[in-house]
Amino acid sequence: MGDSLFQLPDELLFTTLSHTFPCRDAQIRAVATLLHPHAAPCQNLVIHGTEATGKSAITAALLQALQEDTEKDEPLLRYVIINSIECITARHLYESTIAKVAEALQWRGAATRCDSVSQMVVELSKMLKYPSYPDKFRFVLVFDGIDRPREAPITLLPALARLSEIIPRITSVFIVTSPPASFLRTSFVPCIEFPNYTKNEFVTILNTTSLPTAPLPTTTIQETTELWNRFTAAVHDALARAASRTLPSLQHACTSLWPRFTAPILAGTHAPREFSKLMVAARVHFQDESLLDPGIVAIRSCSTTTQPQANNSAAALPSAPPSQANTPRKAGQFTTTTTPSKPKATANPFVSATTTDLSTLLPPTARLLLLASYLASHNPTRHDLVLFSTFHHGRRKRRGGLSVGTSGRGGHRGAQSKHRKIARKLLGAHAFVLERMLAIFTAVRGEWDPRWLDRDVDNTREMDADIEMAIATLASLRLLIRVGGAAAGGVAGDQMDRGGKWRCNVGWEVVRGLGRSMGVEVEEWLVE
Amino acid sequence: MAESHDDNPALFEDDDHRAVYIFTPAGHSGLPQQEKARPVKRRKVTSKRASSSVAAAEVVQEGEAETERTQTTTTTTTTTTAAAAFPRLFGGKESAEAAELRRQVFDTAWPVLDGRIKNVLREANRTTLEDVSSFIRDAEGDATRGTRIPAGFIITGPNIASQDLLFEQLSEALGKATQARFVRLRAAGAPNLKAALKKVIRDATAQVSIGGGGSDGDEDAEVAFGRDGRKYLDYDLEGLHAFLSAQQDPSKRVIVAFEDSEAFESSLLTDLLALFHSWQGRIQFSVLFGIATSVELFQARLLKSTARQLFGAKFDVVQADLVLDNVFKSAIAGTQATLRLGPTLLRNMLDRQRDQVAGIRVFISSIKYAYMCHFYANPLSVLLADEKSLTRQLLQPDHLQAVRTLDSFKAHVEAAVDARQLNHAQSLVEDDSYLVKQMAEQRLKKQDYLMQLLRSLHLLTSMDLVPGRFTDLYVSALAGGLDLTPIIDAIKRLGADDVPALINRLLTAIQTGSPDLDLPGWEDEAEDLISSLSEIRDEIEALAEQAREKGQQSLKSKFTAQSKVLRTTVVAQKVQLSQDTAKLTEEDKAFGKAIDSLVDLLTHHIYSDPIDSLFLHEAWAYDAEAPYRDVFVPRPGTTFERALTRPHGYLGCECCSKTTGTLSATLPTTCILYQLYLETGSLVNVADLWSAYYALVGEDSDVGLGEREALVRFYRGLAELRMMGFVKQSKKKADHVAKVKWLL
């Protein structure tokens, strides 16, 4: 059997693999050739490709199949897969490699402690180099996602690539996203690319793997299948080309669109043959952004799911195939998306009111502090006197930014446009000194908070523990960020150090909402 | 020394509750006298206190105590009550029994409330707990989840401190409901990935040895290090996996709760979630996030690829307002509360809850602090003891004397004089035993007053016509009394269908009372009210029936019907306006009368006086705002400023007493420098500061310091200013320091 020099694995193996991983035939054959002990086993192999192209899954399945295939009377191929995402440190990587190799070889007494690559080489040599194995025995080490190791030395990858020079039985497989040129620092490493699927491939995969299992109520199974085929192609054209390029996201889009798409058929308005009419009817759903970015909340809170379900029980019938398991969720999405103009207000006003904006969550003092720090972050210090001083004008005159006044005079327009800058609120937040923000806070508090108007003037200079607690809370919520840390803070880097530098971490939209919740147009207080 | 201050509660001084006191150095002659004047302690701590070394240590601490007040007050107050007896008041003339009795009353009064409050808090989280548990349980079988990690987002509001109870309960409930291991992570305890993983593994493996029963500490370590002798790194999740397999735990569930999600680095969260996700098939990880702001903001901080790994659901915790209302009802307004908090204090506490980042915990400690202050410092609080323990012997002449100085006593006597009850007034002032009798009677009057107040409030709120919250209503009732005026109009405008419903609500309110307030129903005592209410209801229903028979659409009363209608008639191209009075039928008139009588009836039954109109209310009501603000809202800036401008208030020295806010050579160096500092601009030239200082204290002045000594003092003063955060080194100019603090 092992007489011929080059012998490809059994064809049956490829057929089963291609069945589970459609459209990856070429890659499977190439990898198999380079790993099979009887074919052309190589020393290092780089498998690369973008996200969700089947690299890891195919490698694992293929190696398993090869191992079983070559297992005649003595072991010819063993492999381990090390997922480097799960390895926290380089040491962790070495130790789990050794442990896994020992497990694969059923080796007893492997070292438990391993600090460096050289130590790992020693351990691996003990297990792989010196004991006797069959002639063509190969050991495959698969490093999955090795291009993003944590806390790894820069020599890690070249060192791993040289393992096979020391221990010739080893084949190292590196699964990466996109390999930089000669990142292994060694010549001639075969690279196999797993390209992203084309449209035809996408459609084929979707048609074979995620076909709706049950036919729509009024149609035959064949009609349903045909409709699904045309539907997936349409979804691909609408979404995949521009935005959702990976298989899982396309799959997600298809399964979540399907019930909405087939709703007219269930309602009896359209027949399954009328594809274009169905498309027109479902056009609005294709514009739904949540298909592409589903967000982290998959289930609206339990008390709210029942309501939309009741409203839309006619639309999202429970028999819609992919959503059978959880109708509430689909129904919830359905309501939010049918009215794209006012997204959440219709879904459930209660939830959106209580949870979405900071203004309902933060107490007034914290809100004021946040606004003050936004102003401190986005106004240059030299304008503070103009904006906040009440000394010269008695009551401060509100002004809508300085540039309005100056650009009105036509003469200086040339000079003005030279210094024309990006609006400050579009720029990132600048750092400010805590004392300055507190000063702005006290100035602004008298203006914005009616209860402070009639208080004693001396009182307003006072910072009590409540204000400091509010600052600390905002900091722990990361709405305010300490810049520079303890090193820049001078004495002890205390959070209450008035000389400390801070930055406001909230965007313009949030701040505007906050301001309006207190009856303040923040725009009027920004110098542009 | 600060540590021993915290550790040993016996070391607390009698002066600790005072805002400002004279600092007497150890060698000073004042001390022994003070020691002698101090009441003899009956407790075993006495021996400790007497030893002179401890006493010397105390005195030093007193100086620190002022500055440390901010941090230690909470611990101070709790530990004091735990160990030390209450001091004798009346300048030490109070009997030890009375002091002990005050202590006993406090010890019995507070735990009752504490239990009720805890109950309320636990109840408040119940629905959230159930929702979260069922989500975690159901997520397992949810087909749409795929390999995503079940993630519960619990919107808790910005009060991080008050989440503690919630997560404690979650850990209990989820451990029971899902057989999962529960790990709580806080940002402070998990600064990086390794530390976070270590904590996860340690907590997840430790819980079984506590709860599972079988395994000891040794066995535990063995398992954690693997069955086949393999050692796992302590941040290796494989170790956890091996442990769970060894435990023969079929579900292998671990729930990780991020208590303050916002405080975690987003890169750390990303790493952790990626890791959990990659282990998903082997260990069933679920995550819970306590979110203070909003899910949207939280999501914005995560990578999209991380967000895709989460299968989330959102849970709202009961609004803080609602919890506050419930706590208020049970602990402050309820009948169980021994001590009544006065309106000023309550208004302050409620305002603070609304305006500041102060959690419900702060509110509860404020209540406790009020109780403590009252029983600790008010000798008349013995009157709150029950009749058995409050004997005649216990009431000293001082007590009676104290009663006679009360404002409410004065008001009461004056009222008696005005009402021509001269004998009564005279006996009150002169006859001790008469006064004692009156005081005993006041006890009943107080009970009646409280019952009347609570019943009125309950009736008012059960009518559903009052705008505003219960808390506001209660506070205004205490402050200015209560009557029906604000809602008379609303009652009068009710239609014929609404009035019987309203009356029914009132009747059920009377029957059932209010469990929140711990107010039992008072059917027996309010027979005439019930019968009158039922009469009115029957009458109105009969009227409505009559009206319907006559074909009238609905009953109108004189209050609802628009009595005057303006008519326009066009006659010969001229518009004529004429007024027309809408006619009320007989039934309508009768209905109007019935409503009138209802209003009269309710006005008669819903009333309450302000709390300070009662004689002896000082004994059972506490309304001092200052101690509360001093303790819970300290103002360190002001304290510093006061100490630096008027140090003699603390030092008690003769020399500086006349210099208030002006410069004087005898002031401590730091104070002089502070005065000079106040006059400078944003950059302070140190040389100028030195020359100004030296001019003041140098050889020509009355102090006459040598240059070397002055310089040493100057340096030290400047360093102290820097320590207190007033100045900072500046890079802008050589030999200058920057002025950092402008506000207090």
From the option list B:S381, B:S476, single residue qualifying as crowded, with 19+ Cβ neighbours inside 10 Å and within 28 Å of B:T344 (Cβ to Cβ) is B:S381
If you check B:V200 against the conditions, is it part of a helix (DSSP H, G or I), surrounded by 19 or more Cβ atoms within 10 Å (Cβ to Cβ) and modelled with pLDDT of 85 or more?
yes
Scan of region B:442-495 for residues that are touching a residue at least 12 places away in the same chain (Cβ under 8 Å) and at positive phi, ordered by number:
B:D464, B:G481
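Just for region A:450-505: of the residues that are among the charged types (D, E, K, R) and more than 17 Å from A:L438 (Cα to Cα), which one is modelled with the highest pLDDT?
The qualifying residue modelled with the highest pLDDT is A:R478.
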Quick test of your reading of the structure: A:E103 fulfils all but one of (1) more than 31 Å from the chain's Cα centre (by Cα); (2) assigned to a loop (DSSP other than H, G, I, E, B); (3) within 14 Å of another protein chain (Cβ to nearest Cβ); (4) surrounded by fewer than 18 Cβ atoms within 10 Å (Cβ to Cβ). Name the failing condition by number.
(2)
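Looking at region B:303-418, what helices (runs of 4 or more DSSP H) fall wholly within it and have at least 1 residues that are within 22 Å of the chain's Cα centre (by Cα) and closer than 27 Å to B:L453 by Cβ?
Correct list: B:320-327, B:343-355, B:360-377.
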Please work out if A:A271 is surrounded by fewer than 20 Cβ atoms within 10 Å (Cβ to Cβ), more than 13 Å from chain B (Cβ to nearest Cβ) and within 23 Å of A:T50 (Cβ to Cβ).
no
If you check B:A734, B:A719, B:A665, which single one turns out to be away from chain A (no Cβ under 14 Å), at pLDDT 85 or above and out of contact with any strand residue (DSSP E or B) (no Cβ under 9 Å at 6 or more places or on another chain)?
B:A734
Which pairs have Cβ atoms under 7 Å, sit 6 or more apart or on different chains, and link a residue in region B:635-647 that is in contact (Cβ under 8 Å) with a residue 12 or more places away in the chain and more than 14 Å from chain A (Cβ to nearest Cβ) to one that is surrounded by fewer than 19 Cβ atoms within 10 Å (Cβ to Cβ) and among the polar types (S, T, N, Q)?
B:R646/B:T660
So which helices (runs of 4 or more DSSP H) are wholly in region A:1-80 and hold at least 2 residues that are out of contact with any Pro (no Cβ under 6 Å at 6 or more places or on another chain) and modelled with pLDDT of 90 or more?
A:25-35, A:55-70
On the given criteria, is B:G495 of a type outside the set (D, E, K, R) and closer than 22 Å to B:P610 by Cα?
no
Does A:S125 satisfy the condition of being over 18 Å from B:H241 (Cα atoms) and over 33 Å from the mean Cα position of the chain (by Cα)?
yes
Residues being assigned to a loop (DSSP other than H, G, I, E, B), crowded, with 17+ Cβ neighbours inside 10 Å and at pLDDT 85 or above - total across region A:138-161:
2
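The values are calculated or read from the model by the stated rules, or taken from the named source; none is laboratory data. Computed from a prediction, not measured in an experiment: that's the story for all the values here. Using ideal geometry, Cβ is built from the backbone for each residue, glycine included, and neighbour counts are taken over all protein chains shown.
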